[in-house]
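Novice: This structure is in structure tokens; I'll ask about it shortly.
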Amino acid sequence: MRHFLIDTDTASDDAVALLMALRAPHITVEAITTVAGNCPLEQCVKNALLCVEKSSTYHPPVYAGMTKPLFRARYHSHHIHGEDGMGDMALPPPSLAVESMHAVDAIIEHASRFQGKLEIVTLGPLTNLAMAVLKDPDLAQKVKHVYIMGGSGLTPGNITPLAEFNFYADAEAVHLVLQSGLSVTVVGWEIGMGEAFINQDDIDCLNTLSDLGRFAVRCNRTLMAFNAGRTDRVGFDLPDPTTMAVALFPAIIENCIEAHTWIEYHSEKSYGHFVIDSTQLTFQATNARVVTSIKSGMFKQKLFSLLS
Ligand code: RIB
Ligand code: CA
């Protein structure tokens, strides 16, 4: 059995990723930690608790974490995921309650408890993980692996021409994580924009698949409208579920590169630029595995299976 801790700024694509993990029989979600990002922290907590209930499986503890980035002002994405982060579905309040322990302490506590077996999946800004690294200098030795949704590989970003949302929201936190010695796999936004993109046929399939399939489509309604306003593509991308699929099923990785990586956090214009030394020009030590492609069709096959 694999042991997962999921760190999330719970909005609509995070929600689908949480449902996938909670319904995957071969892993246990030991904890869900929330971090401000897409939404203010309080909304992230509410959405995470709702997803735990919606999964109809088991109830891992949910913890509240950092309310803002390490140095920068909050940066939310209501225009992409809706005011409630969940496509403005007007969902009822959750019946489950958040834990009293802080998420940063929960990360440290679970890493210590599962000594070398805990796998962390981050779906939002890295503020919680960075704080855990600062608080427990031995964290890298206790955590088996970290799967990170962030950056945009070697392609343009989705917030600036250089920066993807999770890394733009708190680039200093990314810097601390990349320097921490943690073993990491980075899945960029571009991976979810490829053949993993949920098109109209996929929407039709999800809507006839199950209640969870319909929920996955409905909560991403604002994201779909946002995409329609910016591109000629009908549908929505699922960067967090794509990253979750890589974590759940590493065999989905078709190509990846081990590289030295860093993030720009000094420059205002280039803030949040995740740089991948893909041709070893810096001669610096490798500090990340970056996924560059996933096997065609496997993401949707796993998504539909887990939501059925
Ligand atoms: O850039 C995509 C990322 O930003 C996803 O994690 C999405 O939920 C938003 O947080
Ligand atoms: Ca997210």
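Novice: Please pick out the residue among Phe215, Phe236, Phe249 that is more than 12 Å from ligand 1 (Cβ to nearest atom), under 17 Å from the mean Cα position of the chain (by Cα) and in contact (Cβ under 8 Å) with a residue 12 or more places away in the chain. Give the steps one after another, and end with the answer.
Specialist: Values: Phe215 fails: under 17 Å from the mean Cα position of the chain (by Cα); Phe236 fails: more than 12 Å from ligand 1 (Cβ to nearest atom).
Being more than 12 Å from ligand 1 (Cβ to nearest atom), under 17 Å from the mean Cα position of the chain (by Cα) and in contact (Cβ under 8 Å) with a residue 12 or more places away in the chain holds for just one of Phe215, Phe236, Phe249, which is Phe249.
Novice: Let me ask something else. In the stretch 130-157, which residue that is buried (at least 21 other Cβ atoms within 10 Å of the Cβ) and free of Cβ contacts under 8 Å to residues at least 40 places away in the same chain is farthest from ligand 2 (Cβ to nearest atom)?
Specialist: Here the answer is Ala132.
Novice: Quick one: which residue in Val246, Val186, Val234 is of a type in the set (A, V, I, L, M, F, W, C), within 19 Å of Val121 (Cβ to Cβ), out of contact with any His (no Cβ under 9 Å at 6 or more places or on another chain) and outside any helix (DSSP H, G or I)?
Specialist: Details: Val246 fails: outside any helix (DSSP H, G or I); Val234 fails: within 19 Å of Val121 (Cβ to Cβ).
None of the other options fit; the residue is Val186.
Novice: Name the residue that is nearest to Ile294 (Cα to Cα), counting only residues in the stretch 178-191 that are touching a residue at least 60 places away in the same chain (Cβ under 8 Å) and within 16 Å of ligand 1 (Cβ to nearest atom).
Specialist: Ile191
Okay, residues lined up against (1) more than 19 Å from the chain's Cα centre (by Cα); (2) in a loop (DSSP other than H, G, I, E, B); (3) more than 15 Å from ligand 1 (Cβ to nearest atom):
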site	(1), (2), (3)
Gly229	yes, no, yes
Glu254	yes, no, yes
Glu258	yes, no, yes
Glu268	yes, yes, yes
Ala285	yes, yes, yes
Arg289	no, no, yes
Ser293	no, no, yes
Ser296	yes, yes, yes
Leu306	no, no, yes
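Novice: Restricting attention to the stretch 72-113, which residues are among the small types (Gly, Ala, Ser) and either buried (at least 18 other Cβ atoms within 10 Å of the Cβ) or under 12 Å from Leu49 (Cβ atoms) (or both)? Step through it out loud before you land on a result.
Specialist: As a first pass, look at the stretch 72-113 and keep what is among the small types (Gly, Ala, Ser): 73, 77, 82, 85, 87, 90, 95, 97, 100, 103, 106, 111-112.
If the condition is that a residue be among the small types (Gly, Ala, Ser) and either buried (at least 18 other Cβ atoms within 10 Å of the Cβ) or under 12 Å from Leu49 (Cβ atoms) (or both), then Ser77, Gly82, Gly85, Gly87, Ser95, Ala97, Ala103, Ala106, Ala111 are the ones that fit.
Novice: For the stretch 1-54, how many residues meet the condition of being small (Gly, Ala, Ser) and over 16 Å from the mean Cα position of the chain (by Cα)? Walk me through it before giving the result.
Specialist: Keep residues of the stretch 1-54 that are small (Gly, Ala, Ser), which gives 11-12, 15, 17, 21, 24, 31, 36-37, 48.
Those left that are additionally over 16 Å from the mean Cα position of the chain (by Cα): 24.
Total satisfying the criteria: 1.
Novice: Test of understanding: among Asp232, Asp201, Asp211, which residue is surrounded by fewer than 19 Cβ atoms within 10 Å (Cβ to Cβ), at pLDDT below 95 and over 24 Å from Gly65 (Cβ atoms)?
Specialist: Asp232
The values are calculated or read from the model by the stated rules, or taken from the named source; none is laboratory data. This structure is a prediction, so every number in the text was calculated from the model and none was measured. A quick note on method: Cβ atoms are made from the backbone with ideal geometry, for glycine too, and the neighbour counts reach across all protein chains shown.
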